[in-house]
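What follows draws every value from the coordinates through simple rules; no lab data is involved. Predicted model only: the values in this text are computed from it and were never measured. Every residue, glycine as well, gets a Cβ built from its backbone with ideal geometry; the counts of neighbours run over all protein chains shown.
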Amino acid sequence: MKDDRNYIGYGKKDLNISWPNNAKLALQFVLNYEEGAENNILNGDDHSEIFLSEIIGAQPIKNARHMNMESIYEYGSRRGFWRIYNEFVKRKIPLTIFGVGMALEK
């Protein structure tokens, strides 16, 4: 397969782009909503999530729930998301939310 992607862009050329209000920087804030889509035996997986975790060296527990792991993920949906979201709303800052389908379904 031929790679025809443009890796150079405009290079050294300056396009002199003008942003609204003469801004010098454009930022996009993105919040990932994934809680509820991690590996979990309740979702039919063999074991709970072990890879995407703050628990270093987490080991799979086959056919049993991993309550510590579930607690980490549940915090995000119960409180973590809302704390961040509410701060953006309060300050009227635009926020993009990338949501995993299974997480949003729950």
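Residues whose amide H lies under 5 Å from that of I97, counting only those 5 or more places away or on a different chain, are L31; hydrogens are built 1.01 Å from N in the peptide plane. A Förster radius of 30 Å combined with the Cβ-Cβ distance from V100 to K62 puts the calculated FRET efficiency at roughly 0.80. Inter-part distance, the stretch 47-98 to the stretch 18-35, computed on C-alpha centroids, equals 23 Å.
Remark: the F29-Y7 segment gains 5.5 nm on full extension, using 0.36 nm per residue and subtracting the alpha carbon distance.
Distance between the pseudo-spin-label points of I55 and N21 (7 Å out from Cα toward the beta carbon): 4.5 nm. Annotation note: chymotrypsin sites (Phe, Trp or Tyr not before Pro) in the stretch 22-106 located in DSSP loop regions with a Cβ neighbour count of at most 13 within 10 Å are F29, F51. Counting only residues at least eight positions apart within a chain, or on another chain, there are no lysines with an alpha carbon under 23 Å from that of K2. Quantify how much of the Cα-Cα distance distribution of the stretch 27-105 extends past 21 Å, in percent. Tail fraction, whole percent: 36.
Temperature 4 °C, viscosity 1.567 mPa s: under these conditions the Stokes-Einstein estimate for the stretch 1-45, based on its Kirkwood radius over C-alpha pairs, is 80 µm² per second. Remark: the chain carries a charge dipole of roughly 700 debye about the Cα centre, counting +1 on each Lys and Arg Cβ and -1 on each Asp and Glu Cβ.
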